[in-house]
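Down below is the structure, laid out as structure tokens.
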Amino acid sequence: MKQFPWATSVRRGLAALFFAVMAVALWAPIDSRAEYGDVVINNYADAAGMRPAIFPHWFHRIRFRCKVCHADLGFQFKAGGNEITMLKIIDGQFCGACHNGEIAWSVENCDLCHSGKPNTPTQVHESTIQKLAIPVGGKK
């Protein structure tokens with residue numbers, strides 16, 4: 001079969017285009033949202049120009065007993081009840097006790113945690129109380 005001299009260039013160009021499209025698709029930030037039972041942490045994120053952090057509570061809960069985080073690490077049993085800052089996390093407090101690059105990924109991977117929809121308040125996402133309670137100033 002006769003090959004045309006330009007065929008190799010076309011194949012290389014198509015391969016380069018394919019890899020460029022895949023790179024954009026894989027590394028482009030995507031809009032993420034919290035799922036039921038996740039904790040949206042936005043005490044300071046919006047003010048700092050970051051997206052709210054999403055804490056996947058049940059993902060952690062199936063791996064650890066409540067005691068690990070709520071007793072050993074000092075997390076309160078209330079969304080927004082802790083003064084969690086990036087400085088504290090970097091110093092090994094709260095999330096930083098495990099997210100230190102040895103046990104779990106470290107703080108250099110911002111988008112893994114800070115993936116929430118901007119302006120979402122600190123809350124347990126789609127909790128029963130959200131579905132039953134009437135918001136302040138809301139309709140009855």
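For Ser106, the amide hydrogen comes within under 5 Å of the amide hydrogens of Gly101, counting only partners 5 or more places away or on other chains and with H modelled in the peptide plane. Within the accessible area of segment 52-115, what % is carbon and sulfur when the probe is 1.4 Å and the other protein chains stay in place? Result for segment 52-115: 61 percent of the exposed heavy-atom area is carbon or sulfur. Across segment 55-71, coupling constants 3J(HN,Hα) worked out from phi with the 6.51/-1.76/1.60 Karplus curve, θ = phi - 60°, read 9, x, 4, 5, 4, 6, 5, 6, 9, 10, 6, 3, 4, 4, 8, 7, 10 Hz, and Gly and Pro carry x.
Computed extension length for His70-Asn109: 11.6 nm, one decimal, from 0.36 nm per residue of separation with the Cα-Cα distance subtracted. A Förster radius of 25 Å, combined with the Cβ-Cβ distance separating Gln93 from Asp46, puts the computed FRET efficiency at roughly 0.70.
Applying a threshold of 26 Å to the alpha-carbon distances of Lys67/Lys117; Lys88/Lys131; Lys67/Lys88 flags Lys67/Lys117; Lys88/Lys131 as lying beyond it.
The values are calculated or read from the model by the stated rules, or taken from the named source; none is laboratory data. Given the structure is predicted, the values throughout are model-derived calculations rather than measurements. Neighbour counts are summed over all protein chains in view; Cβ atoms, including those assigned to glycine, are modelled from backbone coordinates with ideal geometry. With ligands, DNA and RNA removed, areas are computed over all heavy atoms of the protein, side chains included. Shrake-Rupley method; radii C 1.70, N 1.55, O 1.52, S 1.80 Å.
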